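The values are calculated or read from the model by the stated rules, or taken from the named source; none is laboratory data. For clarity, every value in this text was computed on a predicted model and none was experimentally measured. In this analysis, Cβ positions are derived from the backbone assuming ideal geometry, glycine residues included, and neighbour counts consider all displayed protein chains. Please note that ligands, DNA and RNA were not included when accessible areas were found on the heavy atoms of the full protein model with its side chains. Shrake-Rupley method; radii C 1.70, N 1.55, O 1.52, S 1.80 Å.
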Amino acid sequence: MIRLVHLKSLVIPLFAFLLGTAAHAQDTITSDGLLKEARKAAFEENNYGKAKTYLYKALSLSPDYADVRIFLGRIHTWTKNYDSGRICFKKVLSRQPAYEDASIAFSDLEYFSGDHARSLTVCKEGLQYNPGSEALLFRQARALNAMGQTEEAASLLQKLLSRNNRNEEALALEKTIREARQTAKPDSVIIIPPQEPVTNQDSLSADGLLLLARKAAFEEDNYALARYRLYNALHISPDYTDVRIFLGRIHTWTKQYDSARYYFNGVLQNNPGQEDASVALADLEYWNDHYTLGLEVVETALSSHPSSLELWVRKAKLLNASRRYAEAQVAIDRALKINRNDTEARSLANRIKESSYKNKIGLSYDYVYFDKQFNDPWHLASFDYTRATGIGSVTGRINYANRFKESGVQYELEAYPRISNTFYSYVSIGYSDKVGVFPHWRGGFSLYANLPASFEGELGFRYLKFSGDPTWSYTAYLGKYYKSWLFGARTYLTPSTYTSTVSASYNVSARYYYGSADDLVGMNIGYGISPDDRLNAIQLDTKEQLISYKLGFMFKKKLSLYNILSIDGSWFNQEYLPQTRGNQYQISIGWLRRF
């Protein structure tokens with residue numbers, strides 16, 4: 001039996017421990033708790049990103065919580081995101097113009113950003129509501145001193161110290177001003193260094209500063225200098241739309257999104273639907289996954305600019321990202337009617353087309369003739385069904401082939417899972433019990449990327465299993481859209497199972513889109529056999545590294561909204577035995593039905 005005194009000696013420490021644990025537990029449910037955690041993250045952990053996360057969450061719970069917004073503005077100030085800080089302070093002061101802390105923080109921001117005149121103005125406005133504020137009086141004196149008005153600054157400090165002769169900030173600044181006066185010599189000779197030659201007189205105008213800002217951003221990759229020049233341009237011309245839009249874009253590129261929205265919305269408030277500002281703001285919302293907000297901006301602008309290629313492309317991009325594929329197809333078709341040679345629109349159209357309809361059925365037939373290698377032609381027929389899903393398209397396919405006087409069937413399943421707006425993938429697997437007509441197993445994986453400047457890329461591997469050891473191939477592809485053209489280059493590298501050498505195949509292609517994404521003509525030139533070529537991959541089942549050359553053409557035509565016809569042809573000059581060559585001719589016809 002446990003004695004009471006022993007039980008007491010156990011319970012009291014346990015109770016104290018539980019109280020201590022509760023006291024230190026995070027409160028991330030209430031706005032007050034989130035503000036407390038934000039202060040801890042900022043001051044104890046020096047983690048401003050974490051602090052901002054807490055503050056944004058607090059504002060979602062209490063949008064008018066002034067202390068939260070002021071602290072968020074201070075963090076923006078400390079991280080030199082001055083425009084974002086201005087937004088926070090102005091929002092508080094618009095609702096509570098007498099809020100002393102907001103005026104103090106706002107004045108600090110302007111002082112540290114170098115705009116001493118604006119800092120002085122903020123102080124004066126705050127002192128109208130808080131005439132006894134020592135903090136605002138000190139900041140007023142500090143701004144005056146920074147502007148060279150030392151006599152006025154000294155007078156204000158005397159006024160402040162008469163109220164509180166222990167104000168450390170005021171005492172330190174008063175000492176600085178006094179020592180500067182004592183150091184100065186009235187008879188000193190002031191030597192003015194020779195002026196540097198002015199290399200660009202336009203730097204004195206808003207237009208010139210905008211030009212120099214573009215140079216700093218695009219040629220020197222110096223966004224800070226570009227912003228500095230744009231701020232100066234706005235000082236000269238506060239309502240210069242192009243300056244505000246470019247400043248917003250720089251804030252977007254440097255991920256200062258609140259500041260960017262401030263400038264874009266400022267333009268749109270004065271000029272609703274302004275095209276360039278709407279395009280820039282739509283881009284910002286797209287990159288932040290705010291597709292609904294981006295669409296609202298684009299729709300408003302399209303009511304004023306219904307023939308804007310840039311706006312229709314943005315609308316298609318936002319709808320595609322929202323997985324509203326049918327609407328995205330309509331939007332990109334409208335863009336291509338405006339300019340079918342636009343590179344970005346063409347690239348986007350090809351990404352949208354595969355997802356714009358829920359269902360697709362395809363039929364194809366291939367005929368292959370050999371002049372020497374085989375006496376009998378080959379026949380290949382395929383039927384496939386594709387379904388668009390939330391993660392990407394999924395296709396089931398049945399292939400029938402007759403070659404080497406034998407017939408066989410192959411079953412395939414492939415998918416294109418979507419990862420993000422930039423990346424998607426390809427996964428496939430195939431099986432046949434008729435080895436010789438088809439590989440016993442085939443599979444593959446690729447990662448695709450929609451790259452900047454209308455490039456696209458792919459890295460992946462392919463797997464073929466015949467009767468012996470499997471064959472692994474590794475593939476890389478790079479494509480580039482240029483106006484109505486798509487140029488591509490692909491290679492397959494296959495480490496040999498039997499030798500230490502590596503076999504390779506190469507292919508370059510060009511497609512010209514004369515209408516929609518389904519209206520094209522093209523050609524390709526290649527060396528070697530591709531493991532993705534269902535007609536010829538079976539010929540990779542050999543120990544010999546034989547040489548083959550290929551020349552092919554393709555034609556595709558949209559017959560109606562739902563039906564597409566394709567015709568392909570190719571010629572191979574192939575070494576089917578060492579030092580023995582023959583020709584192979586292939587023609588195929590296909591039909592695709594979307595619904």
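Tell me, which residue of segment 520-543 that is more than 21 Å from residue 442 (Cβ to Cβ) and surrounded by fewer than 18 Cβ atoms within 10 Å (Cβ to Cβ) is modelled with the lowest pLDDT?
527
Kindly indicate whether any position in segment 564-581 is closer than 19 Å to residue 473 by Cβ, of a type in the set (S, T, N, Q), crowded, with 18+ Cβ neighbours inside 10 Å and at pLDDT 85 or above.
yes
I need every pair where a residue in segment 117-141 that is free of Cβ contacts under 8 Å to residues at least 60 places away in the same chain has its Cβ under 6 Å from the Cβ of a residue that is assigned to a helix (DSSP H, G or I) and of a type in the set (Val, Ile, Thr), sequence separation at least 6 or different chains.
Going by the 6 Å Cβ cut-off, the qualifying pairs are 135/104.
Looking at (1) open to solvent by less than 60 Å² (accessible area, probe 1.4 Å); (2) not in a helix (DSSP H, G or I); (3) not hydroxyl-bearing (Ser, Thr, Tyr), which one does residue 64 not meet, given that it meets all the others?
Looking at each condition in turn, residue 64 falls short on (1).
Among all residue pairs at least 6 apart or on different chains, which show Cβ distances below 6 Å where the first residue, located in segment 480-491, is assigned to a strand (DSSP E or B) and the second is of a type in the set (D, E, K, R)?
Between residues of segment 480-491 that are assigned to a strand (DSSP E or B) and residues that are of a type in the set (D, E, K, R), the close pairs are 481/346; 486/511; 487/480.
Select from segment 392-431 the residues that are basic (Lys, Arg) and either in a strand (DSSP E or B) or open to solvent by less than 30 Å² (accessible area, probe 1.4 Å) (or both) and list them in ascending order.
Going residue by residue through segment 392-431, those that are basic (Lys, Arg) are 397, 403, 405, 418.
Of everything in segment 392-431, those that are basic (Lys, Arg) and either in a strand (DSSP E or B) or open to solvent by less than 30 Å² (accessible area, probe 1.4 Å) (or both) turn out to be 397, 403, 418.
Is it fair to say residue 273 is surrounded by fewer than 24 Cβ atoms within 10 Å (Cβ to Cβ) and either outside any helix (DSSP H, G or I) or aromatic (Phe, Trp, Tyr) (or both)?
Against the criterion (surrounded by fewer than 24 Cβ atoms within 10 Å (Cβ to Cβ) and either outside any helix (DSSP H, G or I) or aromatic (Phe, Trp, Tyr) (or both)), residue 273 qualifies.
Working only within segment 88-102, note down all residues that are open to solvent by less than 50 Å² (accessible area, probe 1.4 Å) and in contact with a Lys or Arg (Cβ under 9 Å, 6 or more places away or on another chain).
Within segment 88-102, 88, 89, 92, 102 qualify.
Give the residue that is most open to solvent (accessible area, probe 1.4 Å), with candidates limited to residues of segment 117-156 that are under 18 Å from residue 67 (Cβ atoms) and among the small types (Gly, Ala, Ser).
135
State the number of residues belonging to segment 74-87 that are crowded, with 17+ Cβ neighbours inside 10 Å and either among the small types (Gly, Ala, Ser) or not in a helix (DSSP H, G or I) (or both).
Start the filter on segment 74-87 by keeping residues that are crowded, with 17+ Cβ neighbours inside 10 Å, which leaves 74-77, 81-87.
Then keep just the ones that are either among the small types (Gly, Ala, Ser) or not in a helix (DSSP H, G or I) (or both); that gives 81, 84-85.
Of the residues in that region, 3 qualify.
Which pairs have Cβ atoms under 8 Å, sit 6 or more apart or on different chains, and link a residue in segment 34-50 that is more than 15 Å from residue 65 (Cα to Cα) to one that is in a loop (DSSP other than H, G, I, E, B) and open to solvent by 20 Å² or more (accessible area, probe 1.4 Å)?
Going by the 8 Å Cβ cut-off, the qualifying pairs are 37/26; 37/27; 37/28; 41/47; 48/79.
Quick one: count up the residues across segment 432-450 that are open to solvent by 70 Å² or more (accessible area, probe 1.4 Å) and in contact with a Lys or Arg (Cβ under 9 Å, 6 or more places away or on another chain).
The number of residues fulfilling the criteria is 2.
Being assigned to a helix (DSSP H, G or I) and at pLDDT 90 or above, is that true of even one residue in segment 7-20?
no
So which residues in segment 103-116 are part of a helix (DSSP H, G or I) and either open to solvent by less than 50 Å² (accessible area, probe 1.4 Å) or of a type outside the set (A, V, I, L, M, F, W, C) (or both), if there are any at all?
103, 104, 105, 106, 107, 108, 109, 110, 111, 116
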